[in-house]
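Some notes on the structure that comes next.
Each value in this text was obtained by applying a stated rule to the coordinates, not by laboratory testing. Keep in mind it's a predicted model, so treat the numbers as computed, not measured. We place every Cβ from the backbone using ideal geometry, glycine too, and count neighbours over all the protein chains shown.
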Amino acid sequence: MKISLKVLPIFLLLIGCVANQEVERNINNKNNQNQATAEAKKDNKICREVSVSGSRLKKKVCSTVEEEEDRAKKSQRILREQQNRERVRSGMPDPG
């Protein structure tokens, strides 16, 4: 009986230490997640998966909102130039 009374406080102390470490880990994980979301908002990065020609695997591409807008404008400009070239070759009048 005396042995179990001596072991009980040691056992409770160990459980308390383990629980304390678990709480600290959870707090650290939450802080890391908050920092990651803050950095992502700061960078305004958009990540998406893109199909790669000649592969079944998709590639993850991340870029800022500004880069996405620039890419869209460039694509529109290239399309317009290509359509104008075709119009000139075929002799069609410019629509406007």
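Run the simple label-point estimate for Arg89 and Ser53 please: 7 Å along Cα→C-beta, distance reported in nm.
1.8 nm
Run the simple label-point estimate for Asn26 and Arg77 please: 7 Å along Cα→C-beta, distance reported in nm.
Between Asn26 and Arg77, the label points sit 5.3 nm apart.
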